[in-house]
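J.: This is the structure I have questions about; it appears just below.
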Amino acid sequence: MNPLQSPSRRQLLLTAAAAGALPMFGAHPSAAQATGKTAAMNALYGVFAQENFKAAPEFATNLGVDVGPLADLKHRVSDVSLKGAADA
């Protein structure tokens with residue numbers, strides 16, 4: 001994406017999902033205390049974030065969560081070539 005263009009709806013959703021998943025990675029101290037519906041939502045956001053990180057590993061690197069089980073994402077990048085865009 002050109003930095004001067006507005007972000008696409010997909011990029012906004014991916015960013016929102018990644019931000020929502022931060023508590024799952026210990027970024028917020030109250031995440032461990034979540035129970036009931038809050039815990040279920042945190043788990044759902046975690047699933048969304050995992051899928052988004054695998055689809056666009058740069059998000060994991062930008063957020064600094066490419067450690068532990070996500071460490072292999074450090075060495076992956078999305079295909080932003082013309083061919084990659086055409087295949088997507």
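J.: Filter the range 63-81 down to residues that are in a helix (DSSP H, G or I) and of a type in the set (D, E, K, R) and give me whichever is most open to solvent (accessible area, probe 1.4 Å).
T.: Across the range 63-81, the extreme among qualifying residues is K74.
J.: So, of the residues in the range 1-15 that are modelled with pLDDT of 70 or more, of a type outside the set (A, V, I, L, M, F, W, C) and open to solvent by less than 100 Å² (accessible area, probe 1.4 Å), which turns out to be nearest to the chain's Cα centre (by Cα)?
T.: Only one residue tops the list, namely T15.
J.: V47 versus (1) within 17 Å of the chain's Cα centre (by Cα); (2) assigned to a helix (DSSP H, G or I); (3) at pLDDT below 70; (4) not aromatic (F, W, Y): which is the lone unmet condition?
T.: (3)
J.: Can I ask one more? Given (1) open to solvent by 40 Å² or more (accessible area, probe 1.4 Å); (2) in a helix (DSSP H, G or I); (3) within 19 Å of L12 (Cβ to Cβ), where does K37 come up short, assuming only one miss?
T.: Single failed check for K37: (3).
J.: Conditions: (1) part of a helix (DSSP H, G or I); (2) open to solvent by 60 Å² or more (accessible area, probe 1.4 Å). A60 meets all but one. Number of the miss?
T.: (2)
J.: Name the residue, out of A21, A31, that is in contact with a Pro (Cβ under 7 Å, 6 or more places away or on another chain), at pLDDT below 70 and open to solvent by less than 60 Å² (accessible area, probe 1.4 Å).
T.: So the residue among A21, A31 that is in contact with a Pro (Cβ under 7 Å, 6 or more places away or on another chain), at pLDDT below 70 and open to solvent by less than 60 Å² (accessible area, probe 1.4 Å) is A31.
The values are calculated or read from the model by the stated rules, or taken from the named source; none is laboratory data. Only a predicted model underlies this, so the values are computations on that prediction, with no experimental measurement involved. Counting neighbours? That spans all protein chains shown, and the Cβs are built from the backbone with ideal geometry, glycine included. Quick note on the areas: whole protein, heavy atoms, side chains included, nothing else; ligands and nucleic acids left out. Shrake-Rupley method; radii C 1.70, N 1.55, O 1.52, S 1.80 Å.
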